Structure formats: structure tokens, C-alpha cells
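Please read the structure below before turning to the comments.
Nothing in this text is a laboratory measurement; each read-out follows from the coordinates by a stated rule. Since we're looking at a predicted model, the values are computed, not measured. Ideal geometry is used to build each Cβ from the backbone, glycine not excepted, and the neighbour counts take in all protein chains shown.
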Amino acid sequence: MNSIPNRTPDTNEGKSYLLAAIDGIRCAFPLAAVVRVLRAAAPTPVADCSGILGLINYHGVIIPLIDVWAMLHLPPREIDPDDVLIIMRSDQRTFALPVSTVERVVELPDARIEEAADLHPGLTGLLGIVAADKGMVFIHDVNAFFTGAADKIQNTLDQQVALNSRENA
């Protein structure tokens, strides 16, 4: 079985981020966590699994496509052919995150980043926020952002693999 390199990033290390937008909300993700950026692909749906839109086959590895709209409390929507998928690796797993656009890689000095915990203790899943020319940029901690969905995702993957094994037997 193919596997994705087990690159476990320290998401607090470095100052390089991938800048993207999710339906107009500007986000940044630590570049150390980014595996690849791809054109959108329709996921294989999975039943009764909130938190993920489905599963995709990434070079022979089944990975979950995270429902970013639900996590950001945005109106639900389907994957658009113009969307982009960011393949990322957290401490727990590799996953795909759909975004509207990927802008570029940016260098953000620590002095420009307002730490999320200093702004409000309820801002979980964020490393910080940066005031930029075009508004705010939310820097996401890929380890914390998906922690709540981790068990659901793993259970769904296990069930889907077991189902596929029975069908192909």
C-alpha cells in the first residue's frame, strides 16, 4: 500500500504560510504542514459522517476531505470545479481541505501576529490573526483545527475500508 510521507510538522516553527481564501475569508496555513495543492476533485461520499465531505484517493491513499464550511460556520455548499484542494499533514493524519483560492506563500514575522489566545480564550484552532491590507488573515493550527473531527474521520475511514474489502472479496 502506498503511503504519504510521515512528515509531522511543528506548526509553530517557521514563518512561512500558505495564504488561501475560503469563500472570502482569508486564511493562512503553516507551510510545513502543506503536502500539495491540487485542483478540486469530487469526493466519494460517505454516509452519516459530519465533519467530512467525503473521501478522495490521493496517489493510492484514502484521505478525508474536510467540511471546512461547517467548521467555519459558513453556509454549506458543494465542491466547485474552480475550488482548490490543499493536502495537509497534521500530527494525526493527512487530509484535504477545500478552499476557494490559493494566493501565495507569505512570510509573516511573529511581531505582526496577534496570538489567538491573547485575543480571546475561545479562539480555538487558530495560531493567530494578522491585520493585512485586504483585511484580517486567520492563521490556522492544523493540529487543533481538526481535532474535534479526528475520531469521526478515523471511524469513517475504517468503516469505508472494511466495506470496500467486503465488496472486493
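For His140, His59, what ranking results if the residue with the fewest other Cβ atoms within 10 Å of its Cβ goes first?
His59, His140
What is the order of Met88, Met71, fewest Cβ neighbours within 10 Å to most?
Details: Met88 27, Met71 17.
The fewest-first ordering by Cβ neighbours comes to Met71, Met88.
Compute the orientation-averaged projected area for the stretch 20-109 from the convex hull of its Cα atoms and round it to one decimal in nm².
6.4
How do Asp83, Asp133 line up, fewest other C-beta atoms within 10 Å first?
Asp133, Asp83
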